[in-house]
1. Taking Val111 and the conditions (1) under 18 Å from Thr69 (Cβ atoms); (2) at pLDDT below 95; (3) in contact with a helix residue (DSSP H, G or I) (Cβ under 7 Å, 6 or more places away or on another chain), which numbered condition does it fall short on, given that it satisfies the others?
2. Report, by residue number, each residue of segment 142-193 that is of a type in the set (Gly, Ala, Ser), assigned to a loop (DSSP other than H, G, I, E, B) and within 21 Å of Arg86 (Cα to Cα).
3. Take Pro184 and tell me if it is assigned by TED's automatic domain parsing to the domain that holds Thr29, surrounded by fewer than 17 Cβ atoms within 10 Å (Cβ to Cβ) and in contact (Cβ under 8 Å) with a residue 60 or more places away in the chain.
4. Exactly one condition in (1) over 30 Å from Thr225 (Cβ atoms); (2) among the small types (Gly, Ala, Ser); (3) touching a helix residue (DSSP H, G or I) at 6+ places or on another chain (Cβ under 6 Å) is not met by Gly139; state its number.
5. So, in segment 31-51, exactly how many residues are without any contact (Cβ under 8 Å) to a residue 40 or more places away in the chain, in a loop (DSSP other than H, G, I, E, B) and either closer than 30 Å to Ile257 by Cα or basic (Lys, Arg) (or both)?
6. Please verify whether segment 78-88 includes one or more residues that are assigned by TED's automatic domain parsing to the domain that holds Ile252, closer than 25 Å to Pro255 by Cβ, touching a residue at least 40 places away in the same chain (Cβ under 8 Å) and assigned to a strand (DSSP E or B).
7. Starting from residues that are small (Gly, Ala, Ser) and either farther than 18 Å from Gly207 by Cβ or touching a Lys or Arg at 6+ places or on another chain (Cβ under 6 Å) (or both), keep the ones in segment 138-164 and report whichever is surrounded by the most Cβ atoms within 10 Å (Cβ to Cβ).
8. Give the residue, chosen from Asp40, Asp45, Asp81, that is within 21 Å of Lys185 (Cβ to Cβ) and among the charged types (D, E, K, R).
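The values are calculated or read from the model by the stated rules, or taken from the named source; none is laboratory data. Just so it is clear, the model here is predicted, and its values are computed rather than measured. Positions of Cβ are generated from backbone atoms using ideal geometry, with glycine treated the same way; all protein chains shown enter the neighbour counts.
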Amino acid sequence: MSEAKVREVSRHSEAVQRTPSATRSAGATHPGYRREQNEDAYWADEAEGIWVVADGLGGHHAGEIASQTVVEEIQQCAATDRHYERALQKAHALLLGDEHSTANMGSTAVVLAEEGDYYHIYWVGDSRAYLWTPGDKSGEFSQLTSDHSYVQMLMDSGAINSEEAASHPNRHVITRCIGGSTNPKLEVDRVSYRWSAGQKILLCSDGLSSEVPNEKINRIISENTNIHQAVELLINAALDAGGKDNITIQIIEAPAIASPPSISKQSTDSITQNENVDTSRNNRKWRPLLILLVACGAVAALAGGLSQLL
């Protein structure tokens, strides 16, 4: 790494907390310039194939407690049944039942869980997961999650575009979080994909995504093959943009067992992945219709048999 890049990486390093040494992932968090506490939390366990970023809400240590509760439930889940959706729902119940909780005490979360050469992303709120895939000059960079936020709802309805969303006065209003409400039910979204060789996943709180445009994030990851350097430079970019919020980042490289990229293979995997995402919903939708068709077939067969007897 050049001397200039060394200076750039170390410029804000005094407040950065980093992940202990790891082989194919790197993470760090920074409180930013305008927050007294760092209410973000993150955790990684490469051996178990699990990573999480949580962004606490509420202030006065409430957000710190909420995000840490999320991380602790994910840690316990990784050591037991690995049912991460249930772990997030348990964290939600714990925060709602905490006698010290307030209506504003909550947390977002984004979780990456590996299963062989497949991975699952679980999320609640506006903490994000991005996929970086190597290309000829720069990588292909895409968002895997969809924010549970007011501006995302407006974008989905066609009321505003992405440029308008970036400057919308309510761009930080989220519509779903762990805790932070009186609703005992928590809906957790999930997508599942297959790793391809050379890919990287970025998990981050909105302290990065709301400050640094996707094009710059992609460029930093593409130009820095060392993921530890990339994490440092991304935090610096968020700080240089104002550092208005806590910033937490993890970058995870594809495992060695990941398959090489293939156009036909990727196309097939995409179909499988999209079906996997909505499996439970599709089952609920189609199962009653299937039962009805079978029943109708049985009635028709019975009627045919009776007509022959008559």
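1. (2)
2. Quick first cut of segment 142-193, residues of a type in the set (Gly, Ala, Ser) only: 142, 146, 149, 157-159, 162, 165-167, 179-181, 192.
With the extra rule that they be assigned to a loop (DSSP other than H, G, I, E, B), the set shrinks to 146, 158-159, 167, 180-181.
Residues satisfying the conditions are Ser146, Gly180, Ser181.
3. Working: assigned by TED's automatic domain parsing to the domain that holds Thr29: yes; surrounded by fewer than 17 Cβ atoms within 10 Å (Cβ to Cβ): yes; in contact (Cβ under 8 Å) with a residue 60 or more places away in the chain: yes.
Yes, satisfied.
4. So Gly139 meets the others, but not (1).
5. Residues flagged as without any contact (Cβ under 8 Å) to a residue 40 or more places away in the chain, in a loop (DSSP other than H, G, I, E, B) and either closer than 30 Å to Ile257 by Cα or basic (Lys, Arg) (or both) within segment 31-51 amount to 3.
6. no
7. Quick first cut of segment 138-164, residues small (Gly, Ala, Ser) only: 138-139, 142, 146, 149, 157-159, 162.
This time we only want the ones that are either farther than 18 Å from Gly207 by Cβ or touching a Lys or Arg at 6+ places or on another chain (Cβ under 6 Å) (or both), so: 138-139, 142, 146, 157-159, 162.
Details: Ser138: 14, Gly139: 19, Ser142: 12, Ser146: 14, Ser157: 8, Gly158: 7, Ala159: 11, Ser162: 9.
If we take residues in segment 138-164 being small (Gly, Ala, Ser) and either farther than 18 Å from Gly207 by Cβ or touching a Lys or Arg at 6+ places or on another chain (Cβ under 6 Å) (or both), then Gly139 is surrounded by the most Cβ atoms within 10 Å (Cβ to Cβ).
8. On the way: Asp40 fails: within 21 Å of Lys185 (Cβ to Cβ); Asp45 fails: within 21 Å of Lys185 (Cβ to Cβ).
None of the others qualify; the one that does is Asp81.
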